[in-house]
1. Assigned to a helix (DSSP H, G or I), open to solvent by less than 30 Å² (accessible area, probe 1.4 Å), touching a residue at least 40 places away in the same chain (Cβ under 8 Å) and not aliphatic (A, V, I, L, M): is that true of B:SER189 in this structure?
2. Of everything in region A:177-217 that's touching a residue at least 40 places away in the same chain (Cβ under 8 Å), facing chain C (nearest Cβ under 9 Å) and open to solvent by 30 Å² or more (accessible area, probe 1.4 Å), which residue is farthest from C:ILE41 (Cα to Cα)?
3. Name the single residue, out of those in region C:157-181 being open to solvent by 40 Å² or more (accessible area, probe 1.4 Å) and not hydrophobic (A, V, I, L, M, F, W, C), that is nearest to C:ARG136 (Cα to Cα).
4. Tell me whether region D:117-124 contains one or more residues that are farther than 28 Å from A:LEU249 by Cβ and either open to solvent by 20 Å² or more (accessible area, probe 1.4 Å) or modelled with pLDDT of 85 or more (or both).
5. Would you check if C:ALA205 is assigned by TED's automatic domain parsing to the domain that holds C:ASN101 and under 15 Å from C:CYS110 (Cβ atoms)?
6. I'd like the full set of residues that are more than 7 Å from chain D (Cβ to nearest Cβ) and either open to solvent by less than 10 Å² (accessible area, probe 1.4 Å) or within 24 Å of the chain's Cα centre (by Cα) (or both), limited to region A:296-328.
7. For region A:253-282, what are the residues that are surrounded by fewer than 22 Cβ atoms within 10 Å (Cβ to Cβ) and in contact with a Gly (Cβ under 6 Å, 6 or more places away or on another chain)?
Amino acid sequence: MAVKVSTLDERIKLTDSADSPLDTQEYFINMGPQHPATHGVLRLMLKLDGETVREVIPVLGYIHRGIEKIGEHSTYRQFVHLTDRCDYLSAMMNNWAVSLMVEKALKVELNDRIEYIRTIMAELERIQSHMLWWGVLGMDLGAFTPFLYGFRDRELITDIFEETIGCRLTMNYIQPGGVMDDIHPNFVDRVKKVIEYAKPKIDEYEELLSGNVIIQERLRNVGVLSADKATSLGVTGPVLRASGVPLDLRRVAPYGVYDKVNFEVAVGSVGDCWDRYWVRIEEIRQSMSMIEQLIDNIPAGKTMLMKPAKKTVLPEGSHYAQLETARGILGIYAVSDGVSDKPVRIHMRSPNYNNVWSADEMTRDSRIGDLVANVSSIDIVVPDIDR
Amino acid sequence: MLDFLFGQLVATHATFDVVTLSDRTTQALAEDPWLAAGYALLGLAGVGGFLSLLGMALIYVERKVAAHFQCRLGPMRVGWHGMLQSVADAIKLLLKEDIIPDRADRVLFLIAPVFSIIATTLGLILIPMSPSLQVVDLNIGVIFISAVSSFGVLGILLAGWSSNNKWSLLGAMRAGAQFISYEISVTLSLLVVTLFAGSLQLSEIVQSQQDGWWIWRGHIVGLVAFFVFLIASTAELNRPPFDLPEAESELTGGFHTEYSGLRFSFFFLAEFINMFIASALAATLFLGGWMPFHIGGLHTFNGLMDLIPPGLWFAGKTTFIIFLIMWVRWTFPRLRVDQLMRLEWKFLLPVGFINLFAAATLVITKLYFFPW
Amino acid sequence: MSYIDPKKSSRSAIEVGGVPVNIVVAPRGATGDKREGLLTIFYKSVKSLLTGMKVTIGYLVRPSTVVTQQYPENRETLKMFERFRGQLRLVKDENGYMNCNGCDFCEKACPNGSIILQDRRNSVSGKSELERYLWRLDSCTFCNACIQACPHDALEWSDGFEAAVYDRRLLVYTLNDYAGPPVNHIKRFKKKAGTPEDRVEELLATMEPRHQYGGPTPLSGKGMPGVPPLKTD
Amino acid sequence: MTDEASPDNKQPESTPPPAPTPKPAPASPAPAPQAQEEQVEKEPELPKLVVDVCATIGELKPYASESDTPAVEVAPADLVKSLTTLRDNPDFAFSMLMDHTAIDRIDDGQFELVYRLYSISTLSMLLVSTKIPRDNPVIPTVCEVWDIAEWQEREVYDLFGVLYDNHPDLRRVFLEDDWKGFPLRKDYEDDFMLTLDVDKLR
């Protein structure tokens, strides 16, 4: 069998736009890797016909660091801190995924304190991630003010992280066997204060953007992704839920203490940008209510059950754990030979990598402005795509 | 210049003696050509200096206002509360390398910003800022302004085309479509005022409002015309929510993607001065220009209002509208291309036409709010 | 075209794969028969725009909402949180003796080779001790693994966050002030029965001072264009 | 920065810390409470899903190695057919290809390709594994079955050099088109690879 391997140059072929009486031609244009709307170094090659986008070809790899290869050379505990650098806005959830995989493989049973702390931290992280996303969406659609409001409120949550962990973005806090440090004595008070502060701010977000008729016109019926197509495209997280598939691992396959809290899964009905927008806004509210249910009931107990200096060898075979980050399902797949404390192969099922390809499906035959809204509503973090 | 501040303290309306610099030049030309040249030079220098000073001040104000809308402080380092930040930026821009892209159309690339700034300057000279501060008082003022303001888009189109950059071209094409569309609405609402005032001359339009501003006197019509004018001229200014020709999150920078240094600052300056012109025009046509706030019949009140110099009245009204435009900019997201066109052709244009008919009816029946 | 009221979401309970799930469905605005009239939409739209403007003007008129901090000016009041991961340093007791005995745990825990330890054998006590503790700030990811791995609590974070320098080589620090026995060794040596005082003195005399930039830095201290060569002791 | 000892961006290769007991001691042998339906514990008897799947589709065999997910094996030739059945059969309805990746079994001279299927209607997960020779890594594509397979297969091609027959757009995804070699193969080496040489620094 001869398999044809193509290159980017072969991929970008132009065709004359046929159904136009004028002598027009489609053209390619690079959006990125340096572009204000592509959230880092994402490069999108657009095939345009005037203002109309005919095709979106994501060109990746601008910050490919080979984290999976490095993972083969590092212990599981060392690999945890690399996952911070992937989806840096869900850093702790990435840590958690690796820890969950290791704990499941070693059958470590965690105490409630660890689970509570992890869940609260993950939800805080989700809130700050969605707040940042909200601001960036506003900026992508031309309103700069929401960007700073989102950042302003997010900073208070990163303050909580800094107080307990010492870091604001790449924490490396959740470790196999527990959490790195016990929570700071001020943690509970500070979280309560921030939740109290942030609740009216979410209403303000609604006043500023959600209720705004321009935003609604920009988002509604833009980038529609049907449920079947979304499933087939393997998108997860808010993007999938906005298409009407209520797949939220926190509810359907609970980990942590998600089975002990009441919350509702926000879903959309059409799968357009408006649904994706609204689902995230509602998720902030749900996360806040989850934290409120948990914050007063953190039980006592040890916070680290596995000795950090001890060699961690997973049993032979393949191990997989998945959880719901702010952007979708993150799966960690590790194959161990049962002898070495380093994996034979470690693979991240990254939510962003699987989500980014839906931009083409969403954007075909709509305007450049819609493309910006679509990319923004997928909420991609490029380091997690490239890994 | 002094009477700009103090000269009209006891102005009795009806006998405003408007002597502009161009009038002085014309008078002096016959007797003393050197004096005429002096007046002309003074006018040029005044306009140039005013242009750059006003531009820098507006940029500073914009940054400060934006910052406080966003819970920030804005420029704080250069000078007291960053007052000299614009000066520093201007120096930086002047000293920057003037980059011309390799494959750009060199001549057009170089002159495009000049087109923009010339159009702006031509508009600026017509604005009556106080009874004695107006460079030229043309009898076709309104038509002249709407003519030169559409001249500015030529600079943008040339800039986008000559940059040889697809983003620039997209921005320029958007700008062209946007200008042509929104120019109609601007003109329609200007026509409403000329109908009311019965004159195209800006100074006469101001004088015609001494019994009440057109925004009040025309019942709803004046108000509608005012808002149509504001929306349409915001679109003509390329300011958010209609900043599609630049649209930094879509087109990276639109028509001025390839510009840097001095030439970029020309576009930048032109944009801010255009904002001033639009606001000043709105103030002149709808809010009575430098005319104090009068209510027909209340002589005491009117007398007290007259104490405030007309220059301040004009500045205050213009500032208010500038602030309104900034406020909108820092609140709203941007429209999409087709939505922008829809707003003009399906909403503003019909409204403008109906409004014009209503204004004509109003003028014929003389049904003003302040008929005395 | 219609206006969506973002508050009008609908709730219901469904089952996904046998698991009951409460869902909130996003609002969509009026459709079909319940279509709103043009004037209603116009009114709601203008109202929504004015609501947004109310939010922003609210911040403009309240200067107390400004969150900007003027950084170099607020150095006095700027306090880092106590767990802030600033720069790595060795814990020292009141006499200035360090806890670290160079056991290599941190070096092995470090995921990216930012810690390099050199040991030597003490001529007096015969024990292995720290010669040089090299820490590369330029490749450190502040993951805290070294501190977790340390069995002697010999490492800690300082709150110094102003680590910017113009030469990358200056980011390679020698963390120990001296090469020699750690505080544990000294104590145990003193406690050992019959250790004469001068033997303790002799042990303490084996200490050699080390300079912060004194190590065999990975870039070997060579000069480069515009940067003078690094001084080593 | 051309000094001989400037090991930036090294690949960490630090040796494991000396562990007193090589065998990790789990706190309790009981299964974790959050064990899900698809995360069946390793028991001698096969998970129900595997039995069902193997009974329905004759080409599938239970997975020979250890796995914490219900897992089956299939020959490369039967891959597309059996995966299509797995997606379309309403009993299984694996509507999502959650993940697809490869493992370099260099000792066996094989690439193991792993397809992780997820069913939204039953919330179950199935791992389908197939093995292809390392020296001729060709496998039919499953792009027709799930859309996302196109890009997940491109990633595997990029990093492992597995060639997908009938793939509509098989090209590099992270690396450049003219990159030599496939980095995640165990025998990959290039001139820029950095290894941590602690002794050199000392």
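The values are calculated or read from the model by the stated rules, or taken from the named source; none is laboratory data. It should be emphasised that the depicted structure is a prediction, and the values quoted were computed from it without experimental measurement. A quick note on method: Cβ atoms are made from the backbone with ideal geometry, for glycine too, and the neighbour counts reach across all protein chains shown. Calculation scope for accessible area: heavy atoms of the full protein, side chains included, ligands and nucleic acids excluded. Shrake-Rupley method; radii C 1.70, N 1.55, O 1.52, S 1.80 Å.
1. Values: assigned to a helix (DSSP H, G or I): yes; open to solvent by less than 30 Å² (accessible area, probe 1.4 Å): yes; touching a residue at least 40 places away in the same chain (Cβ under 8 Å): yes; not aliphatic (A, V, I, L, M): yes.
Judged against the criteria, B:SER189 is a match.
2. Going through the qualifying residues, I end up with A:ASP181.
3. C:ARG168
4. no
5. Details: assigned by TED's automatic domain parsing to the domain that holds C:ASN101: yes; under 15 Å from C:CYS110 (Cβ atoms): no.
Considered against the rule, which asks whether it is assigned by TED's automatic domain parsing to the domain that holds C:ASN101 and under 15 Å from C:CYS110 (Cβ atoms), C:ALA205 comes out as no.
6. Correct list: A:LEU314, A:ALA321, A:GLN322, A:LEU323, A:GLU324, A:THR325, A:ALA326, A:ARG327, A:GLY328.
7. Across region A:253-282, the qualifying residue is only A:SER269.
Residue-wise test of (1) more than 30 Å from A:LEU148 (Cβ to Cβ); (2) open to solvent by 30 Å² or more (accessible area, probe 1.4 Å); (3) among the hydroxyl-bearing types (Ser, Thr, Tyr); (4) within 14 Å of chain A (Cβ to nearest Cβ).
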{"residue": "C:LYS54", "(1), (2), (3), (4)": "no, yes, no, yes"}
{"residue": "C:GLN70", "(1), (2), (3), (4)": "no, yes, no, no"}
{"residue": "C:GLU82", "(1), (2), (3), (4)": "no, yes, no, yes"}
{"residue": "C:CYS110", "(1), (2), (3), (4)": "yes, no, no, yes"}
{"residue": "C:ARG120", "(1), (2), (3), (4)": "yes, yes, no, no"}
{"residue": "C:LYS127", "(1), (2), (3), (4)": "yes, yes, no, no"}
{"residue": "C:TRP135", "(1), (2), (3), (4)": "yes, no, no, no"}
